[in-house]
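The values are calculated or read from the model by the stated rules, or taken from the named source; none is laboratory data. This one's a predicted model, so the numbers in the text were calculated from it and none came from an experiment. Cβ coordinates were reconstructed from backbone atoms using ideal geometry, including for glycine residues, and neighbour counts include every protein chain displayed. We work out accessible area using only protein heavy atoms, side chains counted, and drop any ligands, DNA or RNA first. Shrake-Rupley method; radii C 1.70, N 1.55, O 1.52, S 1.80 Å.
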Amino acid sequence: MASKYKNVRTMVGQRWFDSKGEAFRYMDLLMLERAKEIKDLKLQVKFPLHAGEDQLIGHYIADFTYLDSRSGERVVEDFKGKETQLFKWKRKHLEAQYKIKLLLTKSRGKR
């Protein structure tokens, strides 16, 4: 089945990614981890989204999270080719609820 946004599912090692861009970003992050610039790289990290204190209204699944070795800061990153309205809403909710800034990585053009 063709992707709505013409993404091409891509495999790196034993992992499937929803797009070539996300797969290339993963390879970039692996190199940064080997160079000790980042550590604790995780994929597809789920963040519960709540309304008020206890009402679960959904989840945000970040493509990547990792620790920046220099600052010690936890980075939450998402690769996007197209920003949908739903993504924009979830991003705002994630940033407000968790008091973080989502790093958005976009395609650098055709590879």
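Here are the numbers for the structure shown:
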{"read-out": "Count of residues meeting criterion [at negative phi and out of contact with any helix residue (DSSP H, G or I) (no Cβ under 7 Å at 6 or more places or on another chain)] in the stretch 44-72", "value": "18"}
{"read-out": "Condition met for ASP40 (part of a strand (DSSP E or B), of a type in the set (D, E, K, R) and free of Cβ contacts under 8 Å to residues at least 40 places away in the same chain)", "value": "yes"}
{"read-out": "Which numbered condition ARG70 fails, given (1) more than 19 Å from GLY21 (Cα to Cα); (2) of a type in the set (Lys, Arg); (3) within 10 Å of the chain's Cα centre (by Cα)", "value": "(3)"}
{"read-out": "Hits in the stretch 14-48 (condition: open to solvent by less than 70 Å² (accessible area, probe 1.4 Å) and aromatic (Phe, Trp, Tyr))", "value": "PHE17, PHE24, TYR26, PHE47"}
{"read-out": "Residue match in the stretch 46-54 (condition: within 17 Å of the chain's Cα centre (by Cα), under 25 Å from VAL8 (Cβ atoms) and hydrophobic (A, V, I, L, M, F, W, C))", "value": "no"}
{"read-out": "The stretch 62-98: number of residues that are open to solvent by 80 Å² or more (accessible area, probe 1.4 Å) and within 29 Å of ARG34 (Cα to Cα)", "value": "3"}
{"read-out": "Residues satisfying the stated conditions in the stretch 55-96, i.e. more than 25 Å from ASN7 (Cβ to Cβ), part of a helix (DSSP H, G or I) and not small (Gly, Ala, Ser)", "value": "none"}
